[in-house]
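Quick one: structure below, then a few questions.
Here, each number is a calculation from the coordinates, and none is a lab measurement. Remember, predicted model here, so these are calculated numbers, not experimental data. Neighbour counts run over all protein chains shown; Cβ positions are idealised from the backbone, glycine included.
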Amino acid sequence: MRLACYSFPSSFGSNRISMPMRIAFMSREKTGTSGRSEMPFERLSSELASFGHDVTVYDVANDRRNDPAAVTGRVRMMTFFRARSVFLRSLLSSLHVVVSGYDILHADSCVWIPYLFLFRVLRRRSCVIVTLRRDIDLRGLRMSFITRIVDMVVYSDRDMFERMAGSRRYPSVHIPYGVDEISVKSTTFIRSFGLKESRFALSSTHGAGHEDIRCLVKVFQYLEDTGKLPNNFRLAIMGDRAETAGYGRYLRTMNEEHGNILFLGDCSDRDRDELMSHAALFVQPSAGAISSGEILAAMSAGLPIVAADGNTNQEILGSSGTYFSVGDIDSLRTVLAYMLNRPDEMRTHGELSLIRIRNRYSWEHTARLMSEMYGDVLRARYSKVYGIQRNNHHA
């Protein structure tokens, strides 16, 4: 029986990193076309490999036979690209994982769970981890047999983690995915709307209620009418999904007399990155956790952020954010007028945003938390299977 030595942290979130483990990631996510990674496991696996772990990524959704970057550094990429269907590639990946003897098997969705059953039966000493990122994944966890397969469920979204707190019967932890810093030099997209660099505020309908966006528009109109905006300063609002299209038309009608407010509609990730790179500040009018991705993107571009003072916003932004009272239009008006006319203070808050991203939301930080969690779960698995407590070997 092989008993490799690992270092297990005395408390979760410590600075210790586990000794090398054999880790397999199973991913069904399509590769994106934007500059930002849309396959978190690839970014995560690279950081884990830099810690000395032996990492393999099984990618069943993408054809990488001609991709020279399919194997990067110490990360192996398994694709089974000759199989014609995602189902067959998933099955072949699952069988390969079973015979490869990994210490950790980490899947990116509950969709993988039927394939993981064989791994759990034949690899009792190994650990099965599943990450949840969408509400659709929650339905899969309501099946009672799930807890017999999965050793740990990782929530990348705190709102999902908190909503399931009272009902889940399985070990779980919240570990947010890291984000890459955003810096796009191109101005093609913003110029197509007549926007100038650092001469517009940016907001998004994603995760924001109709009333939140309406209040933001009315506040900007008021600041424009009363001469409290910098000269030629504009507001650009991203997002025009199907469920908000009717409301978008209403907002445009309300804004007919104010040409300085632009509704950009849906933006690709590349266009969003360009907007973030050249905006003066970002306004988050909602306290909802579903919009946390927009906040993190704005922080990674070094933008100062004006946000509603909800718990999720304050947890993400900390001291880098400037807050107004949720649902209080007067508070938003006061805070926005204050920030827009103090460029030095906006610059300081933008720098604080970047510092917070690097310290708390970098991929290195995410990989460190994952590595420590793997160590804790693997120790618990050995204790359960063999009835022993493995020795600790701290780095």
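Compare the peptides 356-365, 298-307 by average per-residue count of other Cβ atoms within 10 angstrom and give them in order, highest first.
298-307, 356-365
According to the square roots a ≥ b ≥ c of the eigenvalues of the Cα gyration tensor, what is the shape class of segment 307-374, taking rounded for a/c under 1.5, prolate for a/b larger than b/c otherwise, and oblate for the remainder?
It is oblate, given that a/c is not under 1.5 and a/b is not larger than b/c.
By its C-alpha gyration tensor, with a ≥ b ≥ c as the square roots of the eigenvalues, how is segment 188-359 shaped: rounded for a/c under 1.5, else prolate for a/b larger than b/c, else oblate?
Cα axes put segment 188-359 in the rounded bin.
Further question: Order of L195, L275 from fewest to most other C-beta atoms within 10 Å?
If I rank by nearby Cβ atoms, fewest first, I get L195, L275.
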